[in-house]
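First comes the structure, then the notes that go with it.
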Amino acid sequence: MKINGRGLCYFGLVALAVSARLLPHPPNFTPVGALGLYTGAYASRWTDWLVPVIALLISDMVIGFYAPVAMLMVYLGFIGSMAMGKWLLSRKRGVVNISTACFASALLFFVCSNLGVWLSGTLYPMTLDGLYACYLAALPFFGNTLAANLVYGAVMFGLFEYLSGVISGTRVPRTA
């Protein structure tokens with residue numbers, strides 16, 4: 001099997017996301033949301049959209065699966081990140097657009113994942129007060145999700161743009 005540059009890049013991104021989820025890290029500080037934005041922004045084939053899902057699935061196989069409803073909502077939150085990447089970043093990328101997409105992606109993940117926790121019925125009562133308590137308890141995690149999207153997003157988008165310039169010859173890498 002021959003692996004092209006695109007395949008090698010996606011393999012590296014999956015490895016990064018899986019490693020980041022398995023190694024010790026602050027809660028919710030993983031590259032999966034940024035990977036969804038990145039994949040959505042640059043994907044040209046529908047199979048490219050599987051990259052973040054594969055990273056989640058591999059790491060969940062190691063970490064362990066959890067309440068099916070919560071898990072489904074987590075995956076939907078990250079699939080939503082890919083859609084946001086396609087919608088907000090496929091035509092125009094820049095610091096403002098990427099930052100906006102990082103915030104919107106973190107907010108969507110917050111809403112989806114915590115709705116899933118509440119719907120699973122294991123931690124909070126199935127009442128409006130229970131839903132409120134679920135979202136209130138999750139607020140500290142939102143900051144980590146947003147910070148991870150911003151940090152990993154800057155790395156992924158920045159590195160891609162830099163390497164694209166080096167490869168195309170519009171940027172010459174510095175040598176010591």
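Remarks
- Region 53-82 - residue that is among the β-branched types (V, I, T) and farther than 15 Å from V18 by Cα and, of those, farthest from the chain's Cα centre (by Cα): V69
- The set of residues from region 14-38 being buried (at least 22 other Cβ atoms within 10 Å of the Cβ) and more than 17 Å from V74 (Cα to Cα) comprises just one member, Y38.
- All helices (runs of 4 or more DSSP H) inside region 1-84 with 3 or more residues being of a type in the set (S, T, Y): 32-42
- Filtering region 149-160 for residues that are among the β-branched types (V, I, T), at pLDDT 95 or above, open to solvent by less than 30 Å² (accessible area, probe 1.4 Å) and under 30 Å from F65 (Cα atoms) leaves an empty set.
- Every condition in (1) open to solvent by less than 90 Å² (accessible area, probe 1.4 Å); (2) in contact (Cβ under 8 Å) with a residue 24 or more places away in the chain; (3) closer than 30 Å to M126 by Cα; (4) out of contact with any Ser or Thr (no Cβ under 6 Å at 6 or more places or on another chain) holds for D60 except the one numbered (2).
The values are calculated or read from the model by the stated rules, or taken from the named source; none is laboratory data. A quick note: this is a predicted structure, and the numbers were derived from the prediction, not measured. FYI the Cβ positions are ideal-geometry reconstructions off the backbone, even for glycines, and counts take in every protein chain you see. In case anyone asks, the SASA skips ligands and DNA or RNA and just uses the protein heavy atoms, side chains included. Shrake-Rupley method; radii C 1.70, N 1.55, O 1.52, S 1.80 Å.
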